[in-house]
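Novice: Please read through the structure below; I'll follow up with questions.
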Amino acid sequence: MRALLASFLILPAALACLTATAQTRGLSERGELLDGIAAIVNDGVVLKSELQAEVDRVEQRLRAQGTQLPPQRTLALQVLERLVATRIQLQRAERVGIQVSDETLNNALANIAERNNVSIAELPQMLAREGIDYQVYRNQMRDQIALEQLRQRDVLSRISVTPREIDEHLAREASRPGANMEYDLSQILIAVTATATPEVVAAAEARVAELREKLRAGEDFVELAVSYSDGQQALEGGSLGWRKGDELPTIFAEVVPALQPGQVSEPIRSASGFHIVRLNDRRGGGAVIEEQVNARHILIAPNEVLDDQAARDKINGIRQRILDGDDFAAVARAVSDDPGSKADGGDLGWSGPGIYAPEFQLALEGLAEGVVSEPVRTRFGWHIIEVLGRRVQDTTEEVQRQQAALAIRNSKLGEETDLWIRRLRDQAFVEYRI
């Protein structure tokens, strides 16, 4: 249960956005300082108490993994830098007007409850059994959703993929036997900003060369990543997880397929700095046969005028009209709130698994052809769905191009996110107090 909860609780417990108020210097009845400031971040702070709580959490996880702990101050500085980066992002989310409504938050919590086979009402008790305060958990989830929306706005939406890039990607994939493989990777990143002086670049290059020598001498990759990496995953031992061969960042694409499991690359230069990559494992490489479904839907989205219950009542009425004989496509063109499929009568075309929201996908899997589903709630609103057909086939050229576009976007996302966070960090006022 704890492992499942952790998969949703991505952000550390210290995410709650705090301001530099009197609470940061509260006194006990004996006049003792109850808390202090670990770092000033623009007009906010990171408290020493939240830093210590996160250090304790990371230490507990590293011990459970059997990883030797770095020196206490080294770990504290790594944790503090991540808390600072998170605080900067939350401040930006607030500045650009990102607000997570209670409805959005409750839907996310309802999904977590469902995946743990409990009701939303039972979630607080389940969390309490794991030693997690429900209100703190709600705040963390709200911050997590805000950060996801911010990255969607600032990073993902700005990544473009051209037809020429897709053509070149498909040509490379045809000539690369490892394109259909998946790779479990870890990295150590020594960051270098775009405006760094030659002296700073040289120092970073010397640092990464020193780390590579430590690895050759048999020192532990995870411990070095925790101690020295500037990557977002440093406190996870540099783990990047499983990556498809055709989604590898360009700078890794020629290096990783040539590595054997457990092998470490030579330093790799990129726009964000110097990388050392370790291949932990590989899998796959066979032909991909995909089960596809052709479905159509009608979406009614809640808004300022139409609350959630009214939207549900409306979609129920629409469903009854169709059951009574109205044409699904004609009704979709008239009333659906999905701009992407409305003009096509709600037709979503052929698609494979993993494309739709989990609730939508679950409804599809249990729906017979020609049957109009009961209303289905996703984060977009209320849907009714009809399956038009199912098929199993090799990936078509159209799907290959869609997958290529997604792979190119994903290959750019990691580096673009690192650069974006580095720019925000460089523009922020940060003063360490430890």
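The values are calculated or read from the model by the stated rules, or taken from the named source; none is laboratory data. Being a predicted model, the structure only gives us computed values, none of them experimental. Please note: Cβ atoms are built from the backbone with ideal geometry, for glycine as well, and neighbour counts cover all protein chains shown.
Novice: For the range 355-373, give me each residue that is among the charged types (D, E, K, R) and exposed (fewer than 13 other Cβ atoms within 10 Å of the Cβ).
Specialist: Initially, the range 355-373 is screened for residues among the charged types (D, E, K, R), giving 359, 365, 369.
Within the range 355-373, Glu365, Glu369 qualify.
Novice: Now, a different point. Which pairs have Cβ atoms under 7 Å, sit 6 or more apart or on different chains, and link a residue in the range 339-367 that is not assigned by TED's automatic domain parsing to the domain that holds Trp382 to one that is of a type outside the set (S, T, N, Q)?
Specialist: none
Novice: Could you tell me which residue of the range 302-323 is farthest from Gly346 (Cα to Cα), considering only residues that are at pLDDT 90 or above and among the aliphatic types (A, V, I, L, M)?
Specialist: Taking the candidates together, the pick is Ala310.
Novice: Please indicate, with yes or no, whether at least one residue in the range 324-336 is modelled with pLDDT of 95 or more, surrounded by 14 or more Cβ atoms within 10 Å (Cβ to Cβ), on the phi > 0 side of the Ramachandran plot and not aromatic (Phe, Trp, Tyr).
Specialist: Looking for residues that are modelled with pLDDT of 95 or more, surrounded by 14 or more Cβ atoms within 10 Å (Cβ to Cβ), on the phi > 0 side of the Ramachandran plot and not aromatic (Phe, Trp, Tyr), one finds none in the range 324-336, hence no.
Novice: Out of all the residues in the range 301-312, which are surrounded by fewer than 20 Cβ atoms within 10 Å (Cβ to Cβ) and part of a helix (DSSP H, G or I)?
Specialist: Listed by number, the residues that qualify are Asp308, Gln309, Ala310, Arg312.
Novice: Would you point out which residue out of Arg243, Arg269, Arg283 is charged (D, E, K, R), closer than 30 Å to Thr104 by Cβ and either surrounded by 16 or more Cβ atoms within 10 Å (Cβ to Cβ) or outside the structural domain of His383 (by TED's automatic domain parsing) (or both)?
Specialist: Just one listed residue meets the conditions, Arg243.
Novice: Right, next: Select the strands (runs of 3 or more DSSP E) contained entirely in the range 172-276, then report the ones holding at least 3 residues which are closer than 22 Å to Val84 by Cβ and of a type outside the set (Val, Ile, Thr).
Specialist: By residue number, 181-191.
Novice: Oh, and also: What single numbered condition from (1) more than 22 Å from Arg82 (Cα to Cα); (2) buried (at least 17 other Cβ atoms within 10 Å of the Cβ); (3) charged (D, E, K, R) fails to hold for Glu416?
Specialist: Glu416 satisfies all of (1) more than 22 Å from Arg82 (Cα to Cα); (2) buried (at least 17 other Cβ atoms within 10 Å of the Cβ); (3) charged (D, E, K, R) except (1).
Novice: Kindly list the number of the only condition in (1) touching a Leu at 6+ places or on another chain (Cβ under 7 Å); (2) among the acidic types (Asp, Glu); (3) at pLDDT 90 or above that fails for Glu130.
Specialist: That leaves (3) as the condition not met.
Novice: Looking at Ile322, Ile315, Ile298, which one is touching a residue at least 24 places away in the same chain (Cβ under 8 Å), assigned to a helix (DSSP H, G or I) and out of contact with any Pro (no Cβ under 6 Å at 6 or more places or on another chain)?
Specialist: Checking each option against the conditions leaves just Ile322.
Novice: Can you name every residue in the range 329-354 that is in a loop (DSSP other than H, G, I, E, B) and within 21 Å of Glu374 (Cβ to Cβ)?
Specialist: Correct list: Ser336, Asp337, Asp338, Ser341, Gly345, Gly346.
Novice: Please determine, by comparing only the residues of the range 86-127 that are at pLDDT 90 or above and of a type in the set (Asp, Glu), which one is surrounded by the fewest Cβ atoms within 10 Å (Cβ to Cβ).
Specialist: Ranking the qualifying residues of the range 86-127, first place goes to Glu122.
Novice: Within the set of pairs 6+ apart or on separate chains, which have a first residue in the range 227-251 that is acidic (Asp, Glu), a second that is surrounded by fewer than 21 Cβ atoms within 10 Å (Cβ to Cβ) and in a helix (DSSP H, G or I), and C-beta atoms under 6 Å apart?
Specialist: Close Cβ pairs (under 6 Å, with a partner that is surrounded by fewer than 21 Cβ atoms within 10 Å (Cβ to Cβ) and in a helix (DSSP H, G or I)) amount to Asp246/Glu173; Glu247/Asn410.
Novice: Select from the range 81-130 the residues that are under 24 Å from Gln233 (Cα atoms) and among the acidic types (Asp, Glu) and list them in ascending order.
Specialist: Glu81
Novice: Give the range 378-407 a look and list any residue that's under 26 Å from the mean Cα position of the chain (by Cα) and assigned by TED's automatic domain parsing to the domain that holds Arg319, or say none. Spell out how you get there, then give the answer.
Specialist: Within the range 378-407, the subset under 26 Å from the mean Cα position of the chain (by Cα) is 378-383, 399-407.
Correct list: Thr378, Arg379, Phe380, Gly381, Trp382, His383.
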